[in-house]
Structures are given as C-alpha cells and as structure tokens.
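Some notes on the structure that comes next.
Just so it is clear, none of the values below were taken in a lab; they were calculated from the coordinates. Everything numeric in this text was worked out from a predicted model, so none of it was measured. Note: ideal-geometry Cβ built from the backbone for every residue, glycine included; neighbour counts use all protein chains shown.
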Amino acid sequence: MSGRTTGLTPPDEARPPVRHPDAPAPGELLGSHYDQCFGCGAGQPHGLHLEARAGEGVSVTAEFTVQPAHQGAPGLAHGGVLATALDETLGALNWVLRVIAVTGRLETDFLSPVPVGTVLHLEAEVTAVHGRKIYSTATGRIGGPDGPVAVRAQALFIEVRVEHFIANGRPDEINAALADPDQLRVARAFEVNP
Ligand SMILES: CCCCCCCCCCCC(=O)SCCNC(=O)CCNC(=O)[C@H](O)C(C)(C)COP(=O)(O)OP(=O)(O)OC[C@H]1O[C@@H](n2cnc3c(N)ncnc32)[C@H](O)[C@@H]1OP(=O)(O)O
C-alpha cells in the first residue's frame, strides 16, 4: 500500500469549495435531479426516495429509511444500498456548487450493521476542488442526526457537461428527459454561468 495514491487526497494546489451565490438556502429541500433516479427519483418505484436538503457552506443533509426490499442479510441493509445512499447524498452537493458532476471514485467504510426500518441520517460536504475534480466526504448516522456513524465515504466527483448524458445515455430516456420542461429546468439550474 505504501506510496499508493487512491485519488481521494486533494493535491496541494486544490482550493476550498465555494458555495454558489444562487445555491438553495440552508434547510431548503433540493428535490430530485431526475424523476427516474434510483437514489432520489419520486417516479422510481424501486428507488431509495432519498430526500436531501441544502446545508451550510458546501454541504447537504439527507434522510433515507431502510425498507425490507433493501436487505442483504436477514433484517439488515445491503451494503450496496448503503453505498448508493452515500453516493446519492454526495451527488446532491451538485445543487450547492451548481455544477454537474458524476462519481469517479467512491470509498466506503461500513462501521456497524443498519437494520431494516432504520432512518439513515446522511450528511455530505465538499472538502476541496481542483479543476474538474471535486473531493467530498459523507457520513450516515443511525438513531438520530447526532447518533453514531454507521457508514462513511470519501469520494471524487468529476465535473461533466450535460452532453455527457446525451452522448452516453439510452436514446429513449434521453429524448423523454429533453422533452420534459421540469428536467430542462433542473439541467439549467446546474449549469455554471459562463
Ligand atoms: C441534468 C442533470 C443530471 C445530474 C446528474 C447527477 C448525477 C448524480 C447521481 C449520483 C452520483 C452517481 O452515481 S454518478 C453515476 C456513476 N458514475 C459514472 O457513471 C461515471 C463514469 N465515468 C466516466 O464517465 C468518466 O470516467 C468520468 C466522466 C468520471 C471522467 O472521464 P473524463 O471526463 O474523460 O475525465 P478524465 O480525464 O478521465 O479524468 C479527469 C480527472 O479526474 C481523474 N479521475 C477520473 N476518474 C478517477 C478515479 N476513478 N480515481 C481517481 N481519479 C480519477 C483523472 O485522473 C483526471 O485527473 P487530472 O489528470 O485532471 O489530474
């Protein structure tokens, strides 16, 4: 391991993150970036229905209730589902930076089992930015927003342009999204002023 970089440590030249002046106010519900998103989409019947709010600085909070469909072991949340909840919360930081970014790397620590029925209290913040690279961390607590940390993550998100999705997504869903005024409004909200 010695000398190996995981890509999750910001370089010395990295800058502190800057909250966008038009970011949603602290406490404001952020809504879904895409109705069919597995993490946050209200229209996605199989999804986590995670609800995130803007926090202070470049941070967000979110809640997610572990459902029976999310089990890995009997009565316990699947680790991949918990990683998804962390990933989605980290993705919600896009609203506060007002950039579009996707997960490049996600490193997750599972510290204690999370039973079905648990409300996972999530928090994420950007720690540094270097060019297109956005460094961030997240925690998931159980028993309340100040409860013990059950899961945590470090992530590297990479800023992309909206063309990233148009070039890579399946045409049916891309065309449906482009025809949806609500989706276009969300895409515009993420776009950085030139
Ligand atoms: C409309 C509203 C929608 C809003 C949509 C919001 C979605 C949020 C959903 C939740 C989050 C997700 O799950 S997002 C979905 C899961 N993620 C993905 O599908 C991403 C798949 N990966 C990719 O498409 C690509 O690899 C990218 C875009 C991440 C990077 O490709 P690229 O654009 O060609 O950039 P590239 O030159 O490779 O990398 C740029 C810099 O980042 C570094 N880098 C890149 N990947 C890594 C990595 N894994 N680990 C370390 N470092 C990395 C490179 O070394 C480089 O550093 P340097 O040389 O500059 O120093």
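Summing +1 for each Lys or Arg and -1 for each Asp or Glu among the other residues whose beta-carbon sits under 12 angstrom from that of residue 105 gives -1. Using a Gaussian network model of the chain in which every pair of alpha carbons under 10 angstrom is joined by a spring, one finds that among 17, 74, 148 the greatest mean-square fluctuation is at 74. Taking 0.36 nm per residue of separation and subtracting the current Cα-Cα distance, fully stretching the chain between residue 13 and residue 182 would add 57.1 nm. Mean projected area of the Cα convex hull of region 43-107, taken over all directions, amounts to 5.2 nm².
Rounded to whole Å, the principal axis extents of the Cα atoms in region 1-100 read 46, 42, 20, largest first.
Note on 59, 112: ascending count of other Cβ atoms within 10 Å places them as 112, 59, the fewest first. Entry for region 87-177 at q = 0.16 Å⁻¹: log10 I(q)/I(0) = -0.73, Debye formula applied to identical alpha-carbon scatterers, no solvent contribution. Around the Cα centre of the chain, unit charges on the Cβ atoms of Lys, Arg, Asp and Glu (plus for the first two, minus for the last two) sum to a dipole of about 360 debye. In whole percents, the pair-distance distribution calculated for region 134-194 from its alpha-carbon pairs, binned every 10 Å from zero, is 17, 30, 25, 25, 3.
For the chain, what is the Kirkwood estimate of the hydrodynamic radius, computed as the reciprocal of the mean inverse distance between distinct Cα atoms, to one decimal in Å? The answer is 17.3 Å. Computed packing ranks the peptides 45-51, 166-172 as 45-51, 166-172, most packed first, by mean other Cβ atoms within 10 Å. Dividing the summed -39500 (n - 2.57) terms of all DSSP H runs of n ≥ 4 by the residue count of the chain sets its mean residue ellipticity at 222 nm at -6000 deg cm²/dmol.
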